[in-house]
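Structure record follows, encoded as structure tokens.
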Amino acid sequence: MQHLESPHDHAKPDCHGCALVGRRDFLRDAALAVAGVLVALGAAPSLAAAAPLEFVSPLGGGRDEKRYAIPPADAVQIDKENGVILARWQSRVYLFSLACPHQNTALRWSDSEKQFVCPKHHSRFGGDGSYVPDSGRATRDMDRFDIHRDGNDVVGNLDKMYAEHEDAGWSTAFVAL
Ligand code: FES
């Protein structure tokens with residue numbers, strides 16, 4: 001299994017006091033790692049045929065606000081550039097962080113199992129981002145970005161990411177359809 005950590009993770013073993021990797025840089029690295037794994041596994045053609053997973057870009061938005069079209073049916077879409085998972089799942093739309101809530105490994109989507117899977121420690125999450133108990137090492141549901149509806153689109157604020165255990169907006173960070 002290919003290692004999906006950010007290359008920044010091991011850049012300088014004794015680097016006390018180094019600048020932390022910015023969230024955007026990390027998310028970009030994580031997203032690129034996902035793409036790399038798909039290629040490395042040689043799975044792109046079959047996976048693409050089997051999974052309604054799409055790679056998307058925002059329709060627009062500012063530096064932190066990103067706009068996405070609401071998928072017409074349940075679907076999982078990944079915005080690699082911004083490290084965002086757009087998921088329509090059972091009448092709700094979420095913008096999840098692509099990063100696993102355990103150690104930030106880029107998550108993948110298994111369409112056959114209808115679950116997100118972390119390739120590092122094998123945590124699993126439902127289509128609504130809920131942690132599957134006793135899987136892997138995660139201890140909480142997937143992190144969510146702030147989101148609101150605007151017509152047929154959703155708009156996410158990528159500067160506001162919520163974790164379940166902190167619940168500063170996490171529990172209401174979805175759009176009900
Ligand atoms: S990094 Fe995902 S379970 Fe550890």
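On the basis of being within 16 Å of the ligand (Cβ to nearest atom), acidic (Asp, Glu) and without any contact (Cβ under 8 Å) to a residue 12 or more places away in the chain, does residue 134 make the cut? Judged against the criteria, residue 134 is a match. Would you call residue 106 under 17 Å from residue 166 (Cα atoms) and within 10 Å of the ligand (Cβ to nearest atom)? The answer is no for residue 106.
Quick grid of which residues meet (1) modelled with pLDDT under 95; (2) surrounded by 15 or more Cβ atoms within 10 Å (Cβ to Cβ); (3) of a type in the set (Asp, Glu); (4) part of a loop (DSSP other than H, G, I, E, B):
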position	(1), (2), (3), (4)
1	yes, no, no, yes
14	yes, no, yes, yes
28	yes, yes, no, no
39	yes, no, no, no
72	yes, no, no, yes
81	yes, yes, yes, yes
85	no, yes, no, no
88	no, yes, no, no
104	no, yes, no, yes
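Checking 144, 140 one by one, the residue that is closer than 16 Å to residue 169 by Cα and more than 13 Å from the ligand (Cβ to nearest atom) is 144 and no other. In this structure, does residue 156 turn out to be small (Gly, Ala, Ser), touching a Phe, Trp or Tyr at 6+ places or on another chain (Cβ under 8 Å), part of a loop (DSSP other than H, G, I, E, B) and under 20 Å from residue 53 (Cβ atoms)? Judged against the criteria, residue 156 is not a match.
The values are calculated or read from the model by the stated rules, or taken from the named source; none is laboratory data. Everything numeric in this text was worked out from a predicted model, so none of it was measured. Positions of Cβ are backbone-derived with ideal geometry, glycine not excepted, and every protein chain shown enters the neighbour counts.
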